[in-house]
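Here the structure is laid out as structure tokens; the discussion comes afterwards.
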Amino acid sequence: MKCRICHTEIQSFMSFGKMPIANGFLNEDEYENEYFFELKPAFCKECFTFQIEEQPDPEQMFHENYAFFSRTSRFMQQHFKAYADWVRKHHLQGDDLFVVEIGSNDGIMLEHFANHGIRHLGVEPSANVAKEARKHGVNTMVRFFGSETADEIVAEYGQANALLAANVMCHIPDLNGIAKGAEHLLKKDGVLIFEDPYLGSMIEKVSYDQIYDEHVFIFSALSVANIFAPYGFELIDLLPQKTHGGSMRYVLSRRGERSISSAVLKIVAAEKKAGLELPKTYERFRENCAASKERLVRLLTKEKEAGRRVVGYGATSKSTTILNYCDIGPELIEFISDTTPIKQGKYSPGMHIPVKSYAAFMEDYPDTALLFAWNHQKEIMEKEDAFGAQGGQWMMHLSKKL
């Protein structure tokens, strides 16, 4: 295949096997028509982008029944308020400000601009979450963002001071289209700010569950600089984040318009030291993934042989990669507990493990809980003292403890 960014010929370095839609929780009568694709990551040695070879059509992943609402997490509510406050403090000055967010979900971040009387617009492709955003006073259009959408926005609202995104850029295969859109949309001194799961953290923790259909890219500072440079943008700041088990916030502006933080040189140097621009790093990652798989299956099999009940905690998109790569089904995991109503009563993609309410977990504690929502570990542990007090054990697929 050709790299989606620089069009160099690239080749996958491993395969996670056949994968379903990560957020495609389904009913029993839908098993027969379930969609699968081969999940194969690749690395481009020219522009340093980590990407998957094949991605399903966006309409299969983001639609009117999209099953992820950011507001379900108290931690994420706090995070996005802090994100919005930080943008306002450091990058928005003057009057008649206008902020646009790509993939604004249920309005969890934009509402903090709306509450300060700042003109804003969310561009969200999933109608059900866009509807929820409007309930919170967030101006939202149901659309995929690109250069044409940017032109429409400029025609109706004018150019923007800031174009924001969170856990969205990694979902978009046509980043060249996003960069063109940013070029059209932003004022001369405007900023492009986004954060996504960080490649350096994924490689270090062997958190391969970050790789699934929606995540067509996993970014590094090196790759982001190369992606946006042809459109006149440069990295001016980098801020590591705790979200999603290790993310990075990238701040870009038009070349020469703003000063560059010392964090950029520091983090780029660290990435080179870690070998994030070297193909051999990803060969080692493949070996580490295989070792992680073998370890998890061994632990679950041991639990079963000992007659201990195991329940999954959090029916996350990431859990789909773990379960299907490791070939783990209901014979090893009794059910998955989740607080999202739209997932309850359904079955996990591919492996068809029942998804039940959080009440099912509390009413009959298992012996062991496999924490799929490990990136919310702190928030979860704060409310699960009772599980531990009655002897419950936690398990994660990560070899390295957080």
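The values are calculated or read from the model by the stated rules, or taken from the named source; none is laboratory data. Because the structure is predicted, anything quoted here is derived from the model rather than measured. Here Cβ is always computed from backbone atoms with ideal geometry, including for glycine, and neighbour counts include all displayed protein chains.
Structure notes:
- Boolean, residue 264 is part of a strand (DSSP E or B), in the same structural domain as residue 83 (by TED's automatic domain parsing), hydrophobic (A, V, I, L, M, F, W, C) and farther than 29 Å from residue 14 by Cβ: no
- Restricting the first member to the stretch 41-56 and to residues that are basic (Lys, Arg), and the second to residues that are not in a loop (DSSP other than H, G, I, E, B), the beta-carbon pairs closer than 8 Å and six or more apart or on different chains are 45/279.
- Residue within the stretch 241-254 that is assigned by TED's automatic domain parsing to the domain that holds residue 147, at positive phi and in a helix (DSSP H, G or I) present: yes
- Just one of the numbered conditions (1) out of contact with any Ser or Thr (no Cβ under 9 Å at 6 or more places or on another chain); (2) farther than 30 Å from residue 163 by Cα is not true of residue 263: (2).
- The combined condition, being at pLDDT below 95 and not hydrophobic (A, V, I, L, M, F, W, C), is not fulfilled by residue 85.
- When residues of the stretch 116-159 are limited to those that are crowded, with 17+ Cβ neighbours inside 10 Å and of a type in the set (Asp, Glu), the one farthest from residue 102 (Cα to Cα): 132
- Any hit, the stretch 374-382, residues being out of contact with any Pro (no Cβ under 9 Å at 6 or more places or on another chain), at pLDDT 95 or above and surrounded by 15 or more Cβ atoms within 10 Å (Cβ to Cβ): no
Quick grid of which residues meet (1) in contact (Cβ under 8 Å) with a residue 60 or more places away in the chain; (2) of a type outside the set (Gly, Ala, Ser); (3) under 17 Å from residue 170 (Cα atoms); (4) surrounded by fewer than 18 Cβ atoms within 10 Å (Cβ to Cβ):
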| site | (1), (2), (3), (4) |
| --- | --- |
| 200 | yes, no, yes, no |
| 220 | yes, no, yes, no |
| 272 | no, yes, no, yes |
| 279 | yes, yes, no, yes |
| 287 | no, yes, no, yes |
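- For the residues 303, 204, the requirement of being farther than 20 Å from residue 163 by Cβ, surrounded by fewer than 21 Cβ atoms within 10 Å (Cβ to Cβ), among the acidic types (Asp, Glu) and assigned by TED's automatic domain parsing to the domain that holds residue 333 singles out 303.
- Residues that are within 27 Å of residue 44 (Cβ to Cβ) number at least 1 in the following strands (runs of 3 or more DSSP E) confined to the stretch 106-224: 160-166, 186-197.
- Inter-residue pairs, beta-carbon under 9 Å, first not assigned by TED's automatic domain parsing to the domain that holds residue 224 and surrounded by fewer than 24 Cβ atoms within 10 Å (Cβ to Cβ) and in the stretch 160-185, second in a helix (DSSP H, G or I) and small (Gly, Ala, Ser), 6+ apart: none
- Scan of the stretch 315-325 for residues that are surrounded by fewer than 24 Cβ atoms within 10 Å (Cβ to Cβ) and more than 14 Å from residue 207 (Cβ to Cβ), ordered by number: 324
- When residue 48 is tested against (1) crowded, with 17+ Cβ neighbours inside 10 Å; (2) modelled with pLDDT of 95 or more; (3) not in a loop (DSSP other than H, G, I, E, B), just one condition goes unmet, and that condition is (3).
- Condition met for residue 16 (outside the structural domain of residue 346 (by TED's automatic domain parsing), touching a Leu at 6+ places or on another chain (Cβ under 6 Å) and surrounded by 13 or more Cβ atoms within 10 Å (Cβ to Cβ)): yes
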